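Visitor: Take this structure, written in structure tokens, and hold onto it; I'll ask about it next.
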Amino acid sequence: MMPTELFISGKNWKLSLAELASYLEARKIKFEVQFFSKEFFAVSVEDGFGASTIEDLGGTIKIGEVKAKFQTQIVKEAFLQKSKQAQSQITESLASSGLVDEMAKSAEKVFFGVSVYCAEKTLRPLSGVIQRFVGSAIKGELAGYGKKSKFMGFSKDRKFAQLSHVEVLKKNLVENKAEVLLCIGKEETWVATTVAVHNPFEFQKRDIYKPNQRKIFAMPPRIARIMVNLSSCTPGKVLLDPFCGVGTILQEALLAGAKVVGVDVNPWCIKAANENLEWLKREYSLEGTEFRVLQGDVSRLAQKIGQETVDCIVTEPDLGPALRQVPTGPYALKIIQKLEPLYFGFVEEAHRVLKRDGRLVLVTPYINTRSGKSVTMPIGEKLENCGFKRVQPLTKEMFSEGAVGLEELVGVSSLVEVDERHKIGREIHIYEK
Ligand SMILES: C[S@@+](CC[C@H](N)C(=O)[O-])C[C@H]1O[C@@H](n2cnc3c(N)ncnc32)[C@H](O)[C@@H]1O
């Protein structure tokens, strides 16, 4: 039996799950998704999967190691029907899980936290009550070991009974094995210890401390890393960004162990991307990494870097002008039509430079309009005419038998990322040669 891990995803849970699946598949790590929801995923993963993986993922906030599991029905009885017997069952399950033994090892007074992630609607309003119940049960257990403890509480008006990743980091809860995750699924409930937490300061550092930045064109490093993972990029592969700008995607690919190649038509970008990659190499002690950044127009990509020379292409060509307000449908269409020649020309060149079975991860604009309808770029047909095949990052075989709700995940080949502050979102396409 493969051990089960819990994953708390970032805001865009479908993108996070697709990233995780692509990451594991590319490394031939066996896995099966037992349960998924926007609150959390329960995934059994082959032994050897480590907590440090979180540094490689852009879309995972926390990873938890499962210590106990019980039926959600018991949680319903305990908190909806207030059954004392069901409550004792939960307390016993927590006691025999080994959670507390690890916490009790610390010499001083134990400081711990509890976060509740609830995919079961009927229990969601009771998350705060459940969180305090679990906290008291653990406190009681620790007292049995002769340990004093403090439970990290927070105000009742907090929307979710959850500690943020920043709180977990600041209070050293991972090192002390002192955050308990209670993840309530529709059928089953898992109890876990947090073994890894996303470090937003690392991503922020790469975003705002790199020597050269461009505000309007900037892609968040977190999204860049997700796209690199969707491209099946593993250490040693050659990854190309032919619209590299200041090199956000190249930076993440370099950290993922790829040999990177960047191209941009703008000479300032070449200098800027080179300096950014040099900075990254120093900052992260990446000795022996290889990168090349060349000036050139994407219409002559094959001539510039050679046919069938790269394993992955990950890129965001141009999302159109920065908009002050939500555009009308006809204006959005105009933006798209103006960009089409650039994208269509690129797709042909991309097919030439990519090796067989290589992947292309491409962003096209996703524009919300005043009527509420979105306008997107019809790139699929062009890609298929050039010889690309659609990749579905999530397939039925990745899920346990009987998993419900698969229709909204399986068969999807593009994923949308919309940031509320921006009028133009990203549609991320995944294709293979
Ligand atoms: C959206 S930006 C890429 C941003 C990049 N992902 C980043 O975060 O730094 C698009 C880039 O494409 C470049 N570009 C536009 N037309 C091009 C062309 N025909 N060939 C090569 N590069 C081009 C622009 O100079 C610009 O730097």
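Visitor: Checking PRO341 against (1) open to solvent by 50 Å² or more (accessible area, probe 1.4 Å); (2) more than 14 Å from the ligand (Cβ to nearest atom), which single condition isn't satisfied?
Guide: The number of the failed condition is (2).
Conditions tested, residue by residue: (1) of a type in the set (Ser, Thr, Tyr); (2) in contact with a Pro (Cβ under 8 Å, 6 or more places away or on another chain); (3) under 19 Å from ILE430 (Cα atoms).
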{"residue": "LEU230", "(1), (2), (3)": "no, yes, yes"}
{"residue": "VAL246", "(1), (2), (3)": "no, no, no"}
{"residue": "ALA253", "(1), (2), (3)": "no, no, yes"}
{"residue": "GLY257", "(1), (2), (3)": "no, yes, no"}
{"residue": "PRO267", "(1), (2), (3)": "no, no, no"}
{"residue": "ILE270", "(1), (2), (3)": "no, no, no"}
{"residue": "ASN274", "(1), (2), (3)": "no, no, no"}
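Table: residues versus (1) touching a residue at least 60 places away in the same chain (Cβ under 8 Å); (2) open to solvent by 50 Å² or more (accessible area, probe 1.4 Å); (3) more than 10 Å from the ligand (Cβ to nearest atom); (4) hydroxyl-bearing (Ser, Thr, Tyr).
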position: ASP264; (1), (2), (3), (4): no, no, no, no
position: TRP268; (1), (2), (3), (4): no, yes, no, no
position: ALA272; (1), (2), (3), (4): yes, no, no, no
position: PHE291; (1), (2), (3), (4): no, no, yes, no
position: GLN295; (1), (2), (3), (4): no, yes, no, no
position: ILE305; (1), (2), (3), (4): yes, no, yes, no
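Visitor: Being away from the ligand (no atom under 13 Å from the Cβ) and not aliphatic (A, V, I, L, M): is that true of ARG300 here?
Guide: Judged against the criteria, ARG300 is not a match.
Visitor: Any chance the range 126-145 includes a residue that's touching a residue at least 12 places away in the same chain (Cβ under 8 Å), within 30 Å of GLU202 (Cβ to Cβ) and aromatic (Phe, Trp, Tyr)?
Guide: No, there is no match, as no residue in the range 126-145 is touching a residue at least 12 places away in the same chain (Cβ under 8 Å), within 30 Å of GLU202 (Cβ to Cβ) and aromatic (Phe, Trp, Tyr).
Visitor: Further question: All but one of (1) surrounded by 15 or more Cβ atoms within 10 Å (Cβ to Cβ); (2) within 12 Å of the ligand (Cβ to nearest atom); (3) among the charged types (D, E, K, R) hold for LYS281, so report the exception by its number.
Guide: Condition not satisfied by LYS281: (2).
Yes/no matrix, rows are residues, columns are (1) β-branched (Val, Ile, Thr); (2) in contact with a strand residue (DSSP E or B) (Cβ under 7 Å, 6 or more places away or on another chain):
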position	(1), (2)
ILE249	yes, yes
TRP279	no, no
PHE291	no, yes
GLY296	no, yes
SER299	no, no
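Visitor: Moving to a separate point now. Looking at the structure I just gave you, is GLY257 more than 10 Å from the ligand (Cβ to nearest atom), free of Cβ contacts under 8 Å to residues at least 12 places away in the same chain and out of contact with any strand residue (DSSP E or B) (no Cβ under 9 Å at 6 or more places or on another chain)?
Guide: So GLY257 fails the test.
Visitor: Looking at LYS205, LYS186, which one is under 30 Å from ALA78 (Cβ atoms) and in contact (Cβ under 8 Å) with a residue 24 or more places away in the chain?
Guide: When all the criteria are applied, what remains is LYS186.
This table checks each residue for (1) at pLDDT 90 or above; (2) at positive phi; (3) assigned by TED's automatic domain parsing to the domain that holds ALA224.
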residue: LEU342; (1), (2), (3): yes, no, yes
residue: PRO365; (1), (2), (3): yes, no, yes
residue: ARG370; (1), (2), (3): yes, no, yes
residue: ARG390; (1), (2), (3): yes, no, yes
residue: GLY402; (1), (2), (3): no, yes, yes
residue: VAL410; (1), (2), (3): no, no, yes
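Visitor: If I filter the range 388-413 down to residues being part of a helix (DSSP H, G or I) and hydrophobic (A, V, I, L, M, F, W, C), which single residue comes out as surrounded by the fewest Cβ atoms within 10 Å (Cβ to Cβ)?
Guide: LEU406
Visitor: Suppose we filter ILE249, ILE226 for residues that are touching a residue at least 40 places away in the same chain (Cβ under 8 Å) and near the ligand (Cβ under 9 Å from one of its atoms); which single one remains?
Guide: ILE249
Visitor: Can you name the number of the only condition in (1) hydrophobic (A, V, I, L, M, F, W, C); (2) open to solvent by less than 50 Å² (accessible area, probe 1.4 Å); (3) under 24 Å from SER414 (Cα atoms); (4) near the ligand (Cβ under 9 Å from one of its atoms) that ILE216 fails?
Guide: (2)
Visitor: Of all the residues that make up the range 227-247, how many are farther than 20 Å from ALA302 by Cα and open to solvent by 10 Å² or more (accessible area, probe 1.4 Å)?
Guide: Of the residues in that region, 5 qualify.
Visitor: Which members of the range 414-433 meet the condition of being within 29 Å of LYS215 (Cα to Cα) and either among the polar types (S, T, N, Q) or in a loop (DSSP other than H, G, I, E, B) (or both)?
Guide: SER414, VAL418, ASP419, GLU420, ARG421, HIS422, LYS423
Visitor: Let me ask something additional. Which members of the range 11-63 meet the condition of being open to solvent by 40 Å² or more (accessible area, probe 1.4 Å) and free of Cβ contacts under 8 Å to residues at least 12 places away in the same chain?
Guide: LYS11, LYS28
Visitor: Here is a follow-up. Taking ALA224, is it farther than 26 Å from LEU360 by Cβ and either open to solvent by less than 10 Å² (accessible area, probe 1.4 Å) or not in a loop (DSSP other than H, G, I, E, B) (or both)?
Guide: no
Visitor: Moving to a separate point now. Could you please let me know if THR234 is outside any loop (DSSP other than H, G, I, E, B), touching a helix residue (DSSP H, G or I) at 6+ places or on another chain (Cβ under 9 Å), closer than 30 Å to SER37 by Cα and more than 16 Å from the ligand (Cβ to nearest atom)?
Guide: no
Visitor: Could you run through the range 149-175 and say how many residues are under 10 Å from GLY113 (Cβ atoms) and not basic (Lys, Arg)?
Guide: Count: 9.
The values are calculated or read from the model by the stated rules, or taken from the named source; none is laboratory data. Worth saying up front: this structure is predicted, and the values here are computed from it rather than measured. Backbone-built Cβ (ideal geometry, glycine too); neighbour counts: all protein chains shown. Note: areas computed on protein heavy atoms with side chains; ligands, DNA, RNA excluded. Shrake-Rupley method; radii C 1.70, N 1.55, O 1.52, S 1.80 Å.
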